[in-house]
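Engineer: Here you go, one structure.
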Amino acid sequence: MTLRWTSEPVGEAIVDIVLSLNEQTLKLHDTETASASYSSVKPTLRNFDEIGRKIDEVEKEIQGLTGHPGRYLRSMVNAYRYFGRSLQGDDLPYAEYIANIQELPATLIPEETMAGHRDLVEKGLGELGYKGSLQEKAQSWLAETLIAPDKVVEVAQSMKDKGKEGTLKRVIELPEGDGLDYIKPIQGVFWSGYSKYTGNFRGNLTFNIDRPWTEPVLAQIMAHEGYPGHQAFYCRWDYLFQQGKLPIEASYYLINSPTNALFEGGPESALHFLGWDRDEEETEGITLQAKQHYKLARDWIDMQRMAMTNACYLFNEGKMNKEEAVAYMMDKGMLGPIEANNCYRFFSHPIQKTYYPSYYYGRWMVGKGYDSVAKDQRAEFFKILYDTPHTTNTFIDAVSDLSGSRFQPFEQVKTAAKDFVL
């Protein structure tokens with residue numbers, strides 16, 4: 001039986017809008033934006049005018065919808081409209097698009113926040129015995145943990161079963177039949193890893209071997225793309241929809257919507273959910289030394305992501321050109337030239353430019369949310385994250401209710417763009 005928050009025509013219309021927006025992004029930019037859809041609804045809206053009229057109809061129908069379903073759907077439908085405007089080239093401020101599409105801030109991450117994270121990286125390198133300047137320590141660590149390009153898939157495969165075992169023990173249940181059919185290498189793309197859900201609880205992973213990979217960083221990204229990251233999310237949602245526990249109005253995943261910070265923030269925190277970076281957790285044969293490396297890798301990725309997110313903001317606000325953005329990422333985030341140029345290709349893309357902030361802000365929203373609740377509340381936290389359709393704002397409120405105190409994940413972000421000097 002299909003779970004519904006609205007009448008049948010409205011629920012089907014919502015999915016039709018999502019899938020029709022996907023058709024437009026494929027036509028315009030050869031980019032899939034509805035990366036999962038679990039119902040039998042097919043797209044019927046042939047152009048932006050038809051999509052806009054359908055959005056108007058749905059908005060009228062959900063205006064009086066109360067409670068969580070009303071909040072969720074009004075945010076989502078507003079995002080459909082703004083995403084459509086972005087696709088059509090409407091010249092609105094970047095921050096306005098991010099606020100309406102993702103319910104996220106768009107500003108500079110302060111230098112003091114970034115400096116604090118560089119200190120965490122340097123401390124972690126020192127605890128592992130590396131000597132010299134931060135640059136020298138980092139170069140030694142990266143060189144010693146480097147994986148040859150032709151071994152990346154083999155190492156990722158070795159992590160897959162451990163990740164799934166930890167997911168089933170400590171995070172969520174998955175249905176019989178869940179699994180990954182292959183893990184493959186790829187070249188020539190701007191992303192690092194990609195999880196493709198193929199349906200019937202199955203998926204595939206692909207890793208970009210143009211960029212360098214170290215074992216500790218690959219462990220983070222493997223958890224992100226596989227278990228308990230994207231594959232676990234996709235599979236769980238499919239199962240819930242089939243069981244009549246996920247409403248048809250939320251039976252899909254759409255790039256550029258207010259759900260993005262959860263969908264990326266959960267995977268960005270996935271290795272932490274497994275406990276592979278915490279000494280007190282008994283985990284799947286992960287040694288204490290490996291946990292130190294995985295904790296350092298998380299701090300390293302966070303340091304890089306801050307520089308990348310600032311570069312994204314500054315470029316899309318017109319305050320930096322390509323060369324300046326790439327140089328900024330290499331300086332502030334210690335990215336190599338391949339990684340910095342790939343990131344530029346990502347956040348300068350006409351679709352991905354309004355998606356990219358979900359990685360950084362999602363990481364802090366979900367990661368801080370998890371750490372804010374007591375250990376005996378983790379099962380309820382995972383129910384909020386994996387089993388309940390949420391936007392950025394409804395998730396923040398749900399974590400506030402669970403923890404018993406006001407949850408403010410973006411408190412550290414200040415409006416500092418006006419003070420920036422290149």
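Engineer: Candidates [x] 17, 25, 20, 16, 16, 6, 0; [y] 23, 37, 29, 12, 0; [z] 26, 61, 13, 0; which is the computed P(r) over Cα pairs in 20 Å bins from 0, in percent?
Structural biologist: Of the labelled values, this structure produces [z].
Engineer: Using the alpha-carbon atoms, what tilt in degrees (0 to 90, nearest 10) does helix 230-242 show relative to the longest principal axis of the chain?
Structural biologist: Value to nearest ten degrees: 30.
Engineer: Counting Lys and Arg as +1 and Asp and Glu as -1, each charge on the Cβ, what is the dipole of segment 111-403 about the Cα centre in debye, to the nearest 20?
Structural biologist: With Lys and Arg at +1 and Asp and Glu at -1, about 400 debye.
Engineer: Taking the Cα-to-Cβ direction at D279 and at S40 and moving 7 Å from each Cα, how far apart do the two end points lie in nm?
Structural biologist: Reported label-point gap for D279 and S40 is 5.7 nm.
Engineer: Taking 0.36 nm per intervening residue step and subtracting the Cα-Cα distance, what contour gain separates R378 from Q292 on full extension?
Structural biologist: Difference between extended and current length: 28.7 nm.
Engineer: In addition: How much of the accessible area of segment 111-403, in percent, comes from carbon and sulfur atoms when a 1.4 Å probe is used?
Structural biologist: For segment 111-403, the apolar C and S fraction of the accessible surface comes to 48 percent.
Engineer: I've got another one for you. FRET efficiency for E50 and R4, Cβ-Cβ distance as r, R0 = 30 Å, nearest 0.05?
Structural biologist: Efficiency for this residue pair is about 0.80.
Engineer: Taking only Cα atoms, what is the 0 to 90° angle, nearest 10, from helix 111-127's long axis to the longest principal axis of the chain?
Structural biologist: 50
Engineer: For every helix of n ≥ 4 consecutive DSSP H residues, a contribution of -39,500 (n - 2.57) applies; sum these over the chain, divide by its total residues, and give [θ] at 222 nm rounded to the nearest 500 deg cm²/dmol.
Structural biologist: -18000 deg cm²/dmol
Engineer: Roll a 1.4 Å probe over the protein chains and send me the accessible area per residue for the chain in Å².
Structural biologist: I get 41 Å² per residue for the chain.
Engineer: Would you mind checking segment 339-365 for residues with the amide N under 15 Å from a putative spin-label position 7 Å along Cα→C-beta of E317?
Structural biologist: From segment 339-365, the list is 357.
Engineer: Taking 0.36 nm per residue of sequence separation and subtracting the Cα-Cα distance, how much length would be gained by fully extending the chain between R345 and Q408, in nm to one decimal?
Structural biologist: 19.6 nm
Engineer: Arrange the peptides 317-329, 86-98 so that the one whose residues have, on average, the most other Cβ atoms within 10 Å appears first.
Structural biologist: 317-329, 86-98
Engineer: What is the angle, in °, between the Cα long axis of helix 288-316 and the longest principal axis of the Cα atoms in the chain? Nearest 10 is fine, range 0 to 90.
Structural biologist: Here the helix axis deviates by roughly 60 degrees.
Engineer: Once R0 is set to 25 Å, what does the formula 1/(1 + (r/R0)^6) return for the Cβ-Cβ distance between E59 and D397, expressed as a FRET efficiency to the nearest 0.05?
Structural biologist: Efficiency, from the Cβ-Cβ distance: 0.65.
Engineer: Please find the FRET efficiency linking T145 to Y182, where r is the Cβ-Cβ separation and R0 is fixed at 35 Å, and quote it to the nearest 0.05.
Structural biologist: Efficiency at R0 = 35 Å is approximately 0.90.
The values are calculated or read from the model by the stated rules, or taken from the named source; none is laboratory data. These figures come from a predicted structure and were not determined experimentally. Note: ideal-geometry Cβ built from the backbone for every residue, glycine included; neighbour counts use all protein chains shown. The protein model used for the area step is the full one, side chains on, heavy atoms only, and it has no ligands, DNA or RNA in it. Shrake-Rupley method; radii C 1.70, N 1.55, O 1.52, S 1.80 Å.
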